[in-house]
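For reference, the structure discussed in these notes is given below.
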Amino acid sequence: MRRWIRERGHRLAHLFVEKAQSGTIAGDERPEPATALLWVEEKKVQGIVAPNLDRLARELVVQEAALAQCWKHGGRAFLADQGEILPDDEDPMRTAMRQMMGVFAQLDRGMTVAKLRRGRRIKGEKGQYAYGAPPYGWQAHKKS
């Protein structure tokens, strides 16, 4: 991110970082992107940069709401892997392609969550402890 910003002559005002966020947390419950958009609204920054579209949001509706909020307040949105995401205008194909990328990011998230749930269920059916570290006061023994 820093290299991308520097190479394009932008200035980093603040780096919003989410640490160890579960993939099951809804996009509208993520405080860092919300704060970044608030900075755009308050004119503290001129725009936002994300590494890629699915790091901005992994749910299509949240992605589109974030972009609309940014553009509504005169902000610009950039992806380090693609460049600027231009506001919706007279080009429905550009909008459709962006939204298709969002649909596949949402699908990927859903597939990952489903795979993890299935794995936990199968592990539990085998009598093994399936949810990370054992509860406080318990100790895992031979993976169970």
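The values are calculated or read from the model by the stated rules, or taken from the named source; none is laboratory data. Keep in mind that this is a model prediction, so the values were computed, not measured. Every residue, glycine among them, receives a Cβ derived from its backbone with ideal geometry; neighbour counts consider all protein chains shown. Ligands, DNA and RNA are excluded from the accessible area calculation, which covers all protein heavy atoms including side chains. Shrake-Rupley method; radii C 1.70, N 1.55, O 1.52, S 1.80 Å.
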### Query
Which residue, PRO92, PRO51, PRO33, tops the fluctuation ranking in a GNM of the chain built on C-alpha contacts under 10 Å?
PRO92
### Query
By the scheme Lys and Arg +1, Asp and Glu -1, what is the net charge of all other residues having a beta-carbon under 14 Å from that of ARG8?
+2
## Note on the structure
Checking GLU41, GLU18, GLU64 against a Gaussian network model of the chain (alpha-carbon springs below 10 Å), the top fluctuating residue turns out to be GLU18
### Query
Whose amide H sits under 5 Å from the amide H of ILE48, counting only residues 5 or more places off or on another chain, with H placed in the peptide plane?
ARG76, ALA77, PHE78
### Query
Fully extended, how many nm does the chain gain between ALA140 and HIS10 (0.36 nm per residue separation, minus their Cα-Cα distance)?
41.8 nm
### Task
Among the GluC sites (Glu not before Pro) in segment 66-144, which ones are in a DSSP loop with at most 13 other Cβ atoms within 10 Å of the Cβ? Mind listing them?
GLU90
### Query
Excluding same-chain residues fewer than 8 positions from LYS123, which lysines have a Cα within less than 23 Å of its Cα?
LYS115, LYS142, LYS143
### Message
Which aspartates and glutamates, if any, have their Cα less than 14 Å from the Cα of LYS72, not counting same-chain residues under 8 positions apart?
### Response
GLU41, GLU42, GLU64, ASP88, ASP89
#### Entry: Overall form of the chain per C-alpha gyration tensor (a/c, 1.5; a/b vs b/c)
prolate
### Message
In Å², and per residue, what accessible area does segment 92-144 have when probed at 1.4 Å with the other protein chains present?
### Response
86 Å²
### Message
Running a GNM on the chain with Cα contacts under 10 Å, which residue among VAL113, VAL17, VAL103 ends up with the highest mean-square fluctuation?
### Response
VAL17
### Query
Full extension from ASP91 to MET111: what is 0.36 nm times the residue separation minus their Cα-Cα distance, to one decimal in nm?
4.1 nm
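Which whole-number percentage describes the relative contact order of the chain, with Cα contacts under 8 Å and a sequence gap of 6 or more?
Taking the mean separation of contacting Cα pairs over the length of the chain, I get 19 percent.
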